[in-house]
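*Asks:* Here it is, the structure, as structure tokens.
The numbers here are math on the coordinates, done by the rules we state, and not lab data. Note that this is a predicted model, so its numbers are computed, not measured. Every residue, glycine as well, gets a Cβ built from its backbone with ideal geometry; the counts of neighbours run over all protein chains shown.
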Amino acid sequence: MSVEKRLKRVTVPAIIKMKQLGEPIAMLTAYDALMAEILDNSGIDIILVGDSAGMVMGGYENTLSVTMEEMIFYTKSVRRGVNRALLVADMPFLSYQTGIDTAVKNAGRFLQEAGVEAVKLEGGREVAEIIKRITCFGIPVMGHIGLTPQSIHSFGGYGVQGKEKARAKQLIEDALILQKAGVFSIVLEKIPADLAREITDRLKIPTIGIGAGNACSGQVLVTHDMLGLYEKFKPKFVRRYAELGKEMLEAVTRYIDDVKNTNFPNDDESY
Ligand code: KIV
């Protein structure tokens, strides 16, 4: 990538333009300044402070436990590492479902306190009014439909969504409703590739797929999954680009051996 392109800040209109130009959008998650800086320097288009932070950083079993205060903390850290990519923060469970005023206030906190350019929230028609109000105050919103992890208990797990005709129809309608409500893009999680293609074709705004096939306007993965750092489970849609978890384990084991054998530090590493 040219230095000029790398230095140009990615904006919400630029992301929408990418769909019009047929340029795929690359998005990854980050939860701390160091990882964010590496992603930003690599030329990633969008950095998402996902509520997956609760699982990856907090060690919670699912994304339901992470709070607004924790998300603000992670997002502020990430902001310090990002100069170019569009920065989006996930609104955690209960930060937008309990009332429109609370939703607007919490969305605004991400812009005011953590300096993001946009927020993301999960749901279809049931969050349309909330999205209308947030976006009317100039806060860009990314939607998220399909497998929405904040609803795992109603789904009964992390299964593929939209395999049945009725659910597929519902997801297409939800995507159109969200577009009308004002979202600038929609994450499609764990739905059949054909359905994701149909939704993408019917929308003017970009779709970002995760486990939704290759026809989406862009793709997102949890960075710790694709780097092989989060090893508790590996969904089929994750491609591992590195095995950093294994490398770290090996490095730490070698360090322990060196300390135990008094091979570390040597003379060059001492004063
Ligand atoms: O929380 C998250 O990381 C997400 C992405 C997987 C889309 O919502």
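*Asks:* In whole angstrom, note down how far apart the Cα centers of the range 41-90 and the range 193-271 are.
*Replies:* Taking the Cα centre of each part, the range 41-90 and the range 193-271 sit 15 Å apart.
*Asks:* How large, in Å, is the range 128-270 by the Kirkwood hydrodynamic radius built from its alpha-carbon pairs?
*Replies:* 17.8
*Asks:* Okay, next question. Count the net charge of all other residues whose Cβ sits under 11 Å from the Cβ of Glu250, scoring Lys and Arg as +1 and Asp and Glu as -1.
*Replies:* Once positives and negatives cancel, what remains is -1.
*Asks:* After finding the eigenvalues of the alpha carbon gyration tensor for the range 12-83, what semi-axes result from the square roots of 5 times each, listed largest first in whole Å?
*Replies:* Its equivalent ellipsoid spans semi-axes of 25, 14, 10 Å.
*Asks:* Hey, fewest Cβ within 10 Å first, where do Arg109, Arg239 land in order?
*Replies:* Exposure proxy ranking, most exposed first: Arg239, Arg109.
*Asks:* How high is the relative contact order of the chain? Use alpha-carbon pairs under 8 Å, at least six apart in sequence, and give a whole percent.
*Replies:* 15
*Asks:* Related question: Can you tell me the Rg and the Dmax, both Å, for the Cα atoms in the chain?
*Replies:* 19.8, 71
*Asks:* About the Cα centre of the chain, what is the dipole size in debye to 20, counting +1 per Lys and Arg Cβ and -1 per Asp and Glu Cβ, all else neutral?
*Replies:* Magnitude of the dipole: close to 1240 debye.
*Asks:* Further question on the same structure: Tell me which of Ile186, Tyr60, Ser154 sits at the most positive position along the dipole axis of the range 3-240, charges placed on C-beta atoms (Lys, Arg +1; Asp, Glu -1).
*Replies:* The residue sitting farthest along the positive end of the dipole is Ile186.
*Asks:* Continuing with the same structure: Using helices alone, what [θ] at 222 nm do you get for the chain, with -39,500 (n - 2.57) per DSSP H run of 4 or more residues, divided over all residues and rounded to the nearest 500?
*Replies:* Mean residue ellipticity, 222 nm, calculated: -12500 deg cm²/dmol.
*Asks:* Dipole size in debye (nearest 20) for the range 20-116 around its Cα centre, Lys and Arg Cβ +1, Asp and Glu Cβ -1?
*Replies:* My answer is approximately 240 debye.
*Asks:* Quick one: order Thr262, Thr11 by neighbouring beta-carbon count within 10 Å, fewest to most.
*Replies:* Ascending number of Cβ neighbours within 10 Å: Thr262, Thr11.
*Asks:* Among all the lysines, which ones have a C-alpha under 21 Å from Lys19's C-alpha, if same-chain residues fewer than 8 places away are not counted?
*Replies:* Lys5, Lys8, Lys120, Lys180, Lys190, Lys204
*Asks:* Sticking with this one: Report, ordered by chain and residue number, the lysines lying within cross-link reach of Lys260, taken as a straight Cα distance under 23 Å and ignoring same-chain residues fewer than 8 apart.
*Replies:* Cα-Cα hits under 23 Å: Lys246.
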